[in-house]
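Trainee: Got a structure for you, questions after.
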Amino acid sequence: MYKFNISAPGTIVLHGDHMLEQNRSCIAAALDIRTKLQFSSLSPRTVPREHIKIEFSNINLYLCIPLDAFYEHFYDQNVIRLFKSEERLVAIKEFLDVSNNFTGIYNSIDERQTSSLQAFLYLLLFIAYEENIQITATIIVKLWSDLPIGKGLGSSASFAVCLAACFLRWSFLQKGIVHYEFKNEDYKKIEYYALNCEKTIYNSQTLINVFTSVYGAITTFDDEGTCETMEEMLPMKILIVDANINQKMESTSFILAKNMEYVKPCVDFIMNSLEAVMTTSARAVDEIYFKSINIRKDDSNWPVLVPLDSYKRISTFINMNQGLLKAMGMSSPNIDFICAIARKYSLASKITSDNRFAFIFLLPNTNHQLIVKLTNELISYNFLVIETTMVCTGVRIEAR
């Protein structure tokens, strides 16, 4: 009956990783490594027993939920029950605890599978109630991601944004509203639904990843929660490098607290320095943005038209940021080694928000041969490398 595709980007933070959990000042950009979703709904009575079919290949979750069991648990008199946010999650957990009638692959002790399934049901129930979706026949939701799951590149936010956009578009189609691009009011709804999911399911206090995944581009956030989104910014090439850290890492906030005692005499100086670096880097970003407005993105000569000095200043500030984070005890030997290799090629590099990845900032005039040589050297040390861009479109409806 309906079939469409959705995708949403990840998030990378240029500056402000150390303050993300407090929603403080930072510069964040949409990362063009995307979560992707395919939605299908069948006509009624196409199959012997109607169901909700979920396929999340990255985490090996494949599940069929009978629609009659879904009705029995979440409906009153053929209408979805009204839940408060916490009540909805409790009802979902109770439902999954008695999942004897479900078929497929689902391991209830796998945290990634459990949280993903909870997020799916949470958004389905929430949006179905708010947007009056009629769930009367089989639906199939296939979702996969090129983002590393749970490694600090905004994968949970991208996942929630994708699902929220999917269910919102489904509600439009049921009402006979057919458009192929989301409008401003649609983005606000997607942000609202995804943010509620992030807070409730993933216990996240950070709105930055959701905002960036919804709207894309590059955004500066300040302490008051206001932001400036630069939609006309040209994409910036980067390398994402897996630091090959397999053991479970402590949270950024815990690492910071643990190392405060060692750097206590310098804490105020380092924090003020981080703020100053970010503020000055933001000015360089602004310079590129204002130049970008007058450059067509499909112009093959755009790398020679941009203010290269501004890119070089951003590189300098990225290296300074990494040095300050290292002084705070927030880096690791593998990250330091990756950054040293990048500097050997006169490029800037720093950790991402949870210390498992580094990104290397490529200048517009960085030639392909240098990128290949750098990539091969990193691979020779068993570091996985992804060449991509930051600054891209946000959540979108994809052509089939």
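The values are calculated or read from the model by the stated rules, or taken from the named source; none is laboratory data. A quick note: this is a predicted structure, and the numbers were derived from the prediction, not measured. All Cβ positions, even for glycine, are placed from backbone atoms using ideal geometry, and neighbour counts span all protein chains on display. Side chains are part of the model used for accessible areas, which takes the heavy atoms of the whole protein and leaves out ligands, DNA and RNA. Shrake-Rupley method; radii C 1.70, N 1.55, O 1.52, S 1.80 Å.
Trainee: Give segment 201-215 a look and list any residue that's small (Gly, Ala, Ser) and buried (at least 22 other Cβ atoms within 10 Å of the Cβ), or say none.
Mentor: 213
Trainee: How many of the residues in segment 35-49 are surrounded by fewer than 20 Cβ atoms within 10 Å (Cβ to Cβ) and within 32 Å of the chain's Cα centre (by Cα)?
Mentor: Total satisfying the criteria: 4.
Trainee: Here is a follow-up. Only one residue in 181, 231, 191 is assigned by the TED database to the domain that holds residue 124 and touching a helix residue (DSSP H, G or I) at 6+ places or on another chain (Cβ under 9 Å), so which one is that?
Mentor: 191
Trainee: From the list 191, 130, 198, 224, exactly one residue is modelled with pLDDT under 90 and either open to solvent by 60 Å² or more (accessible area, probe 1.4 Å) or not in a loop (DSSP other than H, G, I, E, B) (or both). Which is it?
Mentor: Sole residue among the options that is modelled with pLDDT under 90 and either open to solvent by 60 Å² or more (accessible area, probe 1.4 Å) or not in a loop (DSSP other than H, G, I, E, B) (or both): 224.
Trainee: Across segment 94-113, which residue is farthest from the chain's Cα centre (by Cα) among those that are in a helix (DSSP H, G or I) and touching a residue at least 40 places away in the same chain (Cβ under 8 Å)?
Mentor: The qualifying residue farthest from the chain's Cα centre (by Cα) is 113.
Trainee: Another one. Restricting attention to segment 89-105, report how many residues are touching a helix residue (DSSP H, G or I) at 6+ places or on another chain (Cβ under 6 Å) and of a type outside the set (A, V, I, L, M).
Mentor: 2
Trainee: A further question on this structure: Return the pairs, sorted by first residue and then second, in which the second residue is at pLDDT 75 or above, the first residue lies in segment 293-313 and is among the polar types (S, T, N, Q), the beta carbons are less than 6 Å apart, and the residues are 6+ apart or on different chains.
Mentor: Listed pairs, sorted by first residue: 310/284; 310/287; 310/288.
Trainee: What residue, among those in segment 147-174 that are open to solvent by 20 Å² or more (accessible area, probe 1.4 Å) and either at pLDDT below 90 or in contact with a Phe, Trp or Tyr (Cβ under 7 Å, 6 or more places away or on another chain) (or both), is nearest to residue 210 (Cα to Cα)?
Mentor: 156
Listed here are the residues, each with its yes/no results for (1) touching a residue at least 12 places away in the same chain (Cβ under 8 Å); (2) open to solvent by less than 40 Å² (accessible area, probe 1.4 Å); (3) aliphatic (A, V, I, L, M).
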residue	(1), (2), (3)
7	yes, yes, no
12	yes, yes, yes
30	yes, yes, yes
51	yes, yes, no
62	yes, no, no
66	yes, yes, no
78	no, no, no
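Trainee: Picking from 60, 78, which residue would you name as being polar (S, T, N, Q), at positive phi and more than 25 Å from the chain's Cα centre (by Cα)?
Mentor: 78
Trainee: Any residue at all in segment 123-142 that's charged (D, E, K, R) and out of contact with any strand residue (DSSP E or B) (no Cβ under 7 Å at 6 or more places or on another chain)?
Mentor: There is at least one residue in segment 123-142 that is charged (D, E, K, R) and out of contact with any strand residue (DSSP E or B) (no Cβ under 7 Å at 6 or more places or on another chain).
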